[in-house]
Amino acid sequence: MSAPPDLPEIVRRAFDVSRRAGYVSFCRNETGRLLAMLAATRDGTMAEFGTGTGVGTAWLRSGVRGEKARIVTAELDPRLAGAAAEIFTDDPQVEVLAADWSTLLDRGPYSLLFLDSGEPTEVGVDAVANLVEDGGIVVLDDFTPCEMWPPIAYGRVDTLREQWLTDERFTTVEVMVASDASTLIATKR
Ligand SMILES: C[S@@+](CC[C@H](N)C(=O)[O-])C[C@H]1O[C@@H](n2cnc3c(N)ncnc32)[C@H](O)[C@@H]1O
């Protein structure tokens, strides 16, 4: 197998910023490449809940086509938000907010929503369905692949995953991005 392609320059910059901030809770590269691919299919405004130091945002940005699409991302921790904002200082297409993600509730609807604030109970379908435009995409990551139904995680039914995979407002698929990691991708009907 040939080597995977180099990281996009903007993602490299995000890793430098993360390293300097001592932050490691960023999305893995497999998920990042998926985000970039999905962003390449989008116009309009994309949103991310939970910026960290901007690695996921940078992956999204690397996929954006043209000058019309926008990315807005919210991070509760002002120190992390400040670090992420550094990456996009000269980029009018990306806005980093030092704020709770609820700040983004009245700025939708979004063409893509990356739910990555690490608080699964807050990102059920009901909480975000109206934030996504028809045909818009929601991405949730950090699941452990599971072949059973209903899905089990840590010995219990994973009700968040079950809800996303069965809600009639979305067509949802669980995709393994690595042997030990899966992601939910949902399209608003
Ligand atoms: C898994 S990390 C985000 C990683 C980032 N999306 C990436 O891919 O590199 C989760 C982040 O969400 C932030 N967070 C937690 N609760 C939040 C909230 N209510 N609003 C905004 N950010 C929040 C945390 O401070 C943390 O930095």
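The values are calculated or read from the model by the stated rules, or taken from the named source; none is laboratory data. Bear in mind that the values here come from a model prediction, so they are computed numbers and not experimental data. Glycine also receives a Cβ, built like all others from the backbone with ideal geometry; neighbour counts cover every protein chain displayed. These area figures cover heavy atoms from the full protein model, side chains too; ligands, DNA and RNA do not enter into them. Shrake-Rupley method; radii C 1.70, N 1.55, O 1.52, S 1.80 Å.
Report yes if ASP134 is more than 13 Å from the ligand (Cβ to nearest atom), farther than 18 Å from VAL55 by Cβ and of a type outside the set (Lys, Arg), otherwise no.
Considered against the rule, which asks whether it is more than 13 Å from the ligand (Cβ to nearest atom), farther than 18 Å from VAL55 by Cβ and of a type outside the set (Lys, Arg), ASP134 comes out as yes.
Being part of a helix (DSSP H, G or I) and either modelled with pLDDT under 95 or open to solvent by 80 Å² or more (accessible area, probe 1.4 Å) (or both) is the filter; apply it to segment 31-44 and report the residue that is farthest from the ligand (Cβ to nearest atom).
Here the answer is MET37.
Return the residues of segment 1-30 that are in contact with a strand residue (DSSP E or B) (Cβ under 7 Å, 6 or more places away or on another chain) and either over 18 Å from LEU113 (Cβ atoms) or surrounded by fewer than 17 Cβ atoms within 10 Å (Cβ to Cβ) (or both); say none if nothing qualifies.
Matches in segment 1-30: ARG28, GLU30.
Among the residues of segment 7-22, is there at least one that is of a type in the set (A, V, I, L, M), within 12 Å of the ligand (Cβ to nearest atom) and not in a helix (DSSP H, G or I)?
Looking for residues that are of a type in the set (A, V, I, L, M), within 12 Å of the ligand (Cβ to nearest atom) and not in a helix (DSSP H, G or I), one finds none in segment 7-22, hence no.
Restricting to segment 60-88, name every residue that is closer than 15 Å to ALA36 by Cα and among the basic types (Lys, Arg).
ARG61, ARG65, ARG70
Of the residues in segment 95-123, how many are within 15 Å of PHE143 (Cα to Cα) and either touching a helix residue (DSSP H, G or I) at 6+ places or on another chain (Cβ under 6 Å) or within 11 Å of the ligand (Cβ to nearest atom) (or both)?
The first filter runs over segment 95-123 and keeps only residues within 15 Å of PHE143 (Cα to Cα), leaving 114-121, 123.
Then keep just the ones that are either touching a helix residue (DSSP H, G or I) at 6+ places or on another chain (Cβ under 6 Å) or within 11 Å of the ligand (Cβ to nearest atom) (or both); that gives 114-120, 123.
So the count comes out to 8.
Yes or no, residue by residue, for (1) in contact (Cβ under 8 Å) with a residue 60 or more places away in the chain; (2) of a type in the set (Ser, Thr, Tyr):
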{"residue": "ARG20", "(1), (2)": "yes, no"}
{"residue": "CYS27", "(1), (2)": "yes, no"}
{"residue": "GLU30", "(1), (2)": "yes, no"}
{"residue": "MET37", "(1), (2)": "no, no"}
{"residue": "GLU48", "(1), (2)": "yes, no"}
{"residue": "THR53", "(1), (2)": "no, yes"}
{"residue": "THR57", "(1), (2)": "no, yes"}
{"residue": "GLU67", "(1), (2)": "no, no"}
{"residue": "ASP77", "(1), (2)": "no, no"}
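With under 27 Å from THR187 (Cα atoms) and among the hydroxyl-bearing types (Ser, Thr, Tyr) as the only criterion, which of THR103, THR89 stands out?
Sole residue among the options that is under 27 Å from THR187 (Cα atoms) and among the hydroxyl-bearing types (Ser, Thr, Tyr): THR103.
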